[in-house]
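Visitor: Structure provided below as structure tokens; questions to follow.
The values are calculated or read from the model by the stated rules, or taken from the named source; none is laboratory data. Because the structure is predicted, anything quoted here is derived from the model rather than measured. Here the Cβ is made from the backbone with ideal geometry for all residues, glycine too, and neighbour counts use every protein chain on show.
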């Protein structure tokens, strides 16, 4: 077990420290500047749909395809095409605007949340960290049933929040 | 909750990836005499699971069993079907009016009825 | 590595282990050398019957009756259950010709002291409610029995082990040489074992062992394919066989047809016989073929289809039953249908106990006793002249 | 080399078998594809997640969609697909013994046989594992994704390899609750991206933890788990009880060796790929002339590697039967190996790559 | 009957871990011998589920490495075959 992956390999999800060490967490300054793609893919696996899905060529895996994806933030338009393309559901797009953070994340559960809905925002361990509001849900056919949900929540939770709490009976 | 429906099984109506279930004709099978709704083409196992049936049989030592592998490899899900003991319910499709019985041990021949069928 | 022992037995089949058990009980130091594992030959790939009815009156029937008595005491003394059952047996009769043949056969057996009778259709139906309408009568003997050969071997092995048996696996003999007062046997493992006596209980491989001493015996492997059903509720009160099989033994139609140049039917080619016995676990063993196929241990769909159709003919209810396994064993078969039990003339201390063909399980207890007697130099309780190796070796001996 | 009129028989219409049959048919070789199920695709139709890899490996496509595509290809090519056909034995001389619809037994003489029979799920024995409610992860996956019924409401998954984690995710998608995923080893087995999506749904992972027993009268009512020491022995005093009605066992797969064994193929023991499997070479040839082994049968990996292995065997079998020239065979083989190699890279792939390399080195004896 | 304390290795034949260990301790040395003495692996699944578990126990009891246990045999048919499949 490598020490950098201690949390990923024992708890199932990467810790903030691991993500930072892997260089995949954008800084608050970057987030305030523009929406930033966060690719939480920190193990070398043979996979590159993020690269081929990007119309701008902003995501690069290259050869060998086990390379970790590299983002060129200058090329990225935050179009979000990579979010449903990632088989690992590891990509989100986050931004900061004043005291509100916004996240767009992949979602493959029913029921789909609805715009305007108040929800629990969860961190990578599935713990509720704050309340938030769904602002948009898109699930066009090209997503192949991976919906993309956008939600807003308090800015101070921007590093922790990864998704929303799943509702089930 | 009765023993019949203790397993909490149910049909998955709508699915985020698989969408709506394909329309299938409904057929009725009988478990130890009680009518159970099943979908044409599905194995006996899934009709019983959907109906919340928790025990398919007891072994000769009296231990309860349901399904284990679900694909016809193990014996766990066997039941007496139309008088024939030891039928693997996970790979045997339902048929209208099918008589399914929980069997104890190897079951019995029910006087040999039903063996000429099919 | 060398070691010495009183008796070296070649083969850990049911007879080798029975002999080992008996000798250990009598205080002998015994080594069993087995080329593969316990029961790797016929004893692990056979059915479970102790069938008295099929034996022609004479020494084999006498030995079988003696063996059955021994089984009853073994059941009490052996260290694990052997699933001995006496639920009787029936030989199903399908036509008048078989009926008259079986009437004569049964009369002979009765005169030898076997309780056996011919029963009519209504009794057949009472004992075998699921049997086909085509069965017109049957023999019935309450004494036909069965035993689990796998557990029997285990029991002999455990019983002998408690008394000092050493079992060597993967230990085929590569040479057997006379030594002062006995024999020196080199095994494939490299080990050499000196022993006062060597018992060749190598079943279908017995002649190969003899060839290490420069002679051969007419013991050949007869392949028997058997299928095993899934566990099912009981089919009837007894185990069953078919008269057709006995008839073919008594009046070999195939041989007649072959002599007349007629083509063999698949049934004849495979030497198909019918045996249908249930085990304690509820599986049925359905047999079987009797083939000359060398040492090919495979089973084939054509033979299994013949066996399957045959059992369905007698028990149509089986159409919906699965068979889950098939196996083939090499029944060690001799030219005169009798086993070879005795010391080889001119080779003092070298004994053969092989060639039991289909009777290996049934005769194992008596074989153990007889061979132990021979090894100890005692006079056995049966006249073994007809079983002696010498009958195949001519005046010169080996 | 003359053209053999006997067909190539492919056993198993999963990803490996379908690809093998497609390659053969494309080359013009007669091919019969047999599968015991009523529907081809093997495990692909149970796999509803998007696949990894690159575009040429159909990355980003869901398993069942790959299944549909391969199926459409095979139908378009007119492959003789025999469904509900169980291959139950192999005779010397490549006689394939098949049983159709559990009611008709026949044998078919094959020019060559490609075994693509997959793998079977390993068991894990603990008191109570025979209780209703304990099942293999594959069983639960079949129920939710193929038959669309939920086997239970609250599930414990034993084993954190990709199978356990993916089935956990799919149970969540089907509407069940997953109480936990436990793993005996000190670290999780599955891909981090898989575990992460399950974890963010609130499912806890417990490493160094085993199941002690399942409890319940006529079915699972509880599972008792405990921490284990380095020797995998449970540590007294660490027991914990989980209220669950379903326990899924996901502790690895073993290659289906049965038909290869009957055909006389020499086995090799490779623990990284599931235990004993038939020895094979770079064309997926076993030690027995005319018998190929592909996919999980040749060492447990993934659907994407299985497809490429199927292609390798199909290409070589087409050549061996006289339907493909040597140059074309070599060229296609090389291209396939290129894709296969790229799949066996990275933290997870390297181990498999090394294990495969060991098999191929041993298997070269025939090549 | 509840879950009990017995740990079955062979689900089909309900053969317990204790029975299998006892067989090995009393002299069974191969998967085949364990099968013949205890019935583990003789059920309808033909040992597909318990074979690996028995192999592991042989390793533990006899101090063998995994892979040193001889591959135990498979027999035809590898799936249950209904007798009706043999048409006349």
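Visitor: Within region D:40-62, can one find any residue that is away from chain A (no Cβ under 14 Å) and part of a loop (DSSP other than H, G, I, E, B)?
Guide: At the first step, the residues of region D:40-62 found to be away from chain A (no Cβ under 14 Å) are D:40-46.
Next, from what is left, pick out any that are part of a loop (DSSP other than H, G, I, E, B): D:40-41.
Yes, that holds for at least one residue.
Visitor: What single numbered condition from (1) outside the structural domain of residue C:31 (by TED's automatic domain parsing); (2) at pLDDT below 95; (3) more than 30 Å from residue C:315 (Cα to Cα) fails to hold for residue C:80?
Guide: (2)
Visitor: A follow-up question, please. Could we say that residue C:135 is crowded, with 20+ Cβ neighbours inside 10 Å and either at pLDDT below 95 or away from every other protein chain (no Cβ under 14 Å) (or both) here? It would help to see each step written out before you state the result.
Guide: Details: crowded, with 20+ Cβ neighbours inside 10 Å: yes; either at pLDDT below 95 or away from every other protein chain (no Cβ under 14 Å) (or both): yes.
For residue C:135, the condition - crowded, with 20+ Cβ neighbours inside 10 Å and either at pLDDT below 95 or away from every other protein chain (no Cβ under 14 Å) (or both) - is met.
Visitor: Somewhere in region C:265-272, is a residue within 14 Å of chain B (Cβ to nearest Cβ), closer than 30 Å to residue C:127 by Cα, surrounded by 14 or more Cβ atoms within 10 Å (Cβ to Cβ) and within 25 Å of the chain's Cα centre (by Cα)?
Guide: First, the residues of region C:265-272 that are within 14 Å of chain B (Cβ to nearest Cβ): none.
No: zero hits.
Visitor: Are any of the residues in region C:32-49 free of Cβ contacts under 8 Å to residues at least 40 places away in the same chain and part of a helix (DSSP H, G or I)?
Guide: As a first pass, look at region C:32-49 and keep what is free of Cβ contacts under 8 Å to residues at least 40 places away in the same chain: C:40.
Then keep just the ones that are part of a helix (DSSP H, G or I); that gives none.
Looking through region C:32-49, none of the residues is free of Cβ contacts under 8 Å to residues at least 40 places away in the same chain and part of a helix (DSSP H, G or I).
Visitor: Here is a follow-up. Scanning for something more than 7 Å from chain D (Cβ to nearest Cβ) and within 13 Å of the chain's Cα centre (by Cα), does region E:1-12 turn up at least one residue? Step through it out loud before you land on a result.
Guide: Of all residues in region E:1-12, those more than 7 Å from chain D (Cβ to nearest Cβ) come to E:1, E:10, E:12.
Imposing the further condition that a residue be within 13 Å of the chain's Cα centre (by Cα) reduces the set to E:10, E:12.
Yes: region E:1-12 contains one or more residues that are more than 7 Å from chain D (Cβ to nearest Cβ) and within 13 Å of the chain's Cα centre (by Cα).
Visitor: Report yes if some residue within region A:89-104 is surrounded by fewer than 17 Cβ atoms within 10 Å (Cβ to Cβ), more than 14 Å from chain D (Cβ to nearest Cβ), in a strand (DSSP E or B) and within 16 Å of the chain's Cα centre (by Cα); otherwise report no. It would help to see each step written out before you state the result.
Guide: Of the residues in region A:89-104, the ones surrounded by fewer than 17 Cβ atoms within 10 Å (Cβ to Cβ) are A:97-100.
From the residues that got through so far, the ones that are more than 14 Å from chain D (Cβ to nearest Cβ) too are A:97-100.
If we keep only those that are in a strand (DSSP E or B) too, we end up with A:97, A:100.
Cutting the leftovers down to within 16 Å of the chain's Cα centre (by Cα) gives us none.
Within region A:89-104 (the criterion being surrounded by fewer than 17 Cβ atoms within 10 Å (Cβ to Cβ), more than 14 Å from chain D (Cβ to nearest Cβ), in a strand (DSSP E or B) and within 16 Å of the chain's Cα centre (by Cα)), the answer is no, since none of the residues qualifies.
Visitor: Name the pairs whose Cβ atoms lie under 6 Å apart, with the first residue in region C:258-271 and closer than 20 Å to residue C:299 by Cβ, the second modelled with pLDDT under 75, and 6 or more positions between them or separate chains?
Guide: The qualifying pairs are C:268/C:254.
Visitor: Now for a different question. What number goes with the only condition from (1) more than 9 Å from every other protein chain (Cβ to nearest Cβ); (2) in contact with a helix residue (DSSP H, G or I) (Cβ under 8 Å, 6 or more places away or on another chain); (3) free of Cβ contacts under 8 Å to residues at least 24 places away in the same chain that residue B:17 does not pass?
Guide: Here residue B:17 meets the rest and fails (1).
Visitor: Also, quick follow-up: For the list (1) under 30 Å from residue D:172 (Cβ atoms); (2) touching a strand residue (DSSP E or B) at 6+ places or on another chain (Cβ under 7 Å); (3) more than 7 Å from every other protein chain (Cβ to nearest Cβ); (4) assigned to a helix (DSSP H, G or I), I need the number of the one condition that residue D:141 fails.
Guide: (2)
Visitor: Moving on. Could you go through region D:108-121 and let me know if any residue there is outside any strand (DSSP E or B), more than 7 Å from every other protein chain (Cβ to nearest Cβ) and surrounded by fewer than 24 Cβ atoms within 10 Å (Cβ to Cβ).
Guide: Checked region D:108-121: at least one residue is outside any strand (DSSP E or B), more than 7 Å from every other protein chain (Cβ to nearest Cβ) and surrounded by fewer than 24 Cβ atoms within 10 Å (Cβ to Cβ).
Visitor: Quick one: residue C:118 ticks every box in (1) in a strand (DSSP E or B); (2) not assigned by TED's automatic domain parsing to the domain that holds residue C:248 except a single one, so which number is it?
Guide: All conditions are met except number (2).
Visitor: Please enumerate the residues belonging to region D:93-107 that are farther than 30 Å from residue D:152 by Cβ and facing another protein chain (nearest Cβ under 7 Å). Please lay out each step first, then the result.
Guide: Start the filter on region D:93-107 by keeping residues that are farther than 30 Å from residue D:152 by Cβ, which leaves D:93-101, D:103-107.
Residues satisfying the conditions are D:97, D:99, D:103, D:104, D:105, D:107.
Visitor: Of all residues in region A:105-127 being more than 19 Å from residue A:38 (Cβ to Cβ), in a loop (DSSP other than H, G, I, E, B) and in contact with a strand residue (DSSP E or B) (Cβ under 6 Å, 6 or more places away or on another chain), which is nearest to the other protein chains (Cβ to nearest Cβ)? Walk me through how you get there before you give the answer.
Guide: To start, the set of residues in region A:105-127 that are more than 19 Å from residue A:38 (Cβ to Cβ) comprises A:109-120.
Add one more test, that the residue is in a loop (DSSP other than H, G, I, E, B), and what stays is A:109-117.
Narrowing the set further to residues that are in contact with a strand residue (DSSP E or B) (Cβ under 6 Å, 6 or more places away or on another chain) leaves A:112-113, A:115, A:117.
On the way: A:112: 8, A:113: 12, A:115: 18, A:117: 17 Å.
By that ranking, first place goes to A:112.
Visitor: Could you tell me whether any residue of region E:69-85 is more than 7 Å from every other protein chain (Cβ to nearest Cβ), part of a loop (DSSP other than H, G, I, E, B) and modelled with pLDDT of 90 or more?
Guide: The answer is no, given that none of the residues of region E:69-85 is more than 7 Å from every other protein chain (Cβ to nearest Cβ), part of a loop (DSSP other than H, G, I, E, B) and modelled with pLDDT of 90 or more.
Visitor: Kindly indicate which of D:154, D:102 is surrounded by fewer than 22 Cβ atoms within 10 Å (Cβ to Cβ) and either at positive phi or not assigned by TED's automatic domain parsing to the domain that holds residue D:310 (or both). Explain how you work it out, then say what you get.
Guide: Numbers: D:102 fails: surrounded by fewer than 22 Cβ atoms within 10 Å (Cβ to Cβ).
Selected residue: D:154, the only one of D:154, D:102 that is surrounded by fewer than 22 Cβ atoms within 10 Å (Cβ to Cβ) and either at positive phi or not assigned by TED's automatic domain parsing to the domain that holds residue D:310 (or both).
Visitor: Is it the case that residue B:86 is touching a strand residue (DSSP E or B) at 6+ places or on another chain (Cβ under 7 Å) and either more than 9 Å from chain D (Cβ to nearest Cβ) or in a loop (DSSP other than H, G, I, E, B) (or both)? Full working, then the answer.
Guide: Working: touching a strand residue (DSSP E or B) at 6+ places or on another chain (Cβ under 7 Å): yes; either more than 9 Å from chain D (Cβ to nearest Cβ) or in a loop (DSSP other than H, G, I, E, B) (or both): yes.
Considered against the rule, which asks whether it is touching a strand residue (DSSP E or B) at 6+ places or on another chain (Cβ under 7 Å) and either more than 9 Å from chain D (Cβ to nearest Cβ) or in a loop (DSSP other than H, G, I, E, B) (or both), residue B:86 comes out as yes.
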